[in-house]
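Submitted below is the structure of interest, expressed as structure tokens.
Derivation of every value follows stated rules applied to the coordinates shown; laboratory data play no part. Fair warning: this is a prediction, and the values are worked out from it, not measured in the lab. In this analysis, Cβ positions are derived from the backbone assuming ideal geometry, glycine residues included, and neighbour counts consider all displayed protein chains.
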Amino acid sequence: MTVNTVDTKPCEYCSGVGYFQLLLGGSETCSSCEGTGQQMKDEN
Ligand SMILES: [Zn+2]
């Protein structure tokens, strides 16, 4: 079966997880993808 994939790619900043793992513990939401883990189709 073919999955109808959206034209998005994993965020290169957070590797598609949507957040950064902090060394001191916890996590911070990726400001690039705003936690979605996917790069915006924004060509900006
Ligand atoms: Zn991201």
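Go through 17-25, 32-40 and give me the packing order, highest mean Cβ count within 10 Å leading.
32-40, 17-25
Ok, one more. How charged is the neighbourhood of Gly37? Take every other residue with its Cβ under 13 Å from the Cβ of Gly37, and add Lys/Arg as +1 and Asp/Glu as -1. Walk me through the numbers on the way to the answer.
Values: positive: Lys9; negative: Glu12, Glu34.
Spelling it out: positives minus negatives among the neighbours equals -1.
Another question, then. Below 14 angstrom from the Cβ of Val17, what's the summed charge of the other residues (Lys, Arg +1; Asp, Glu -1)?
-2
Quick one: which residues, 5+ away or cross-chain, put their amide H under 5 Å from the amide H of Gly18? H built at 1.01 Å from N.
Gly37
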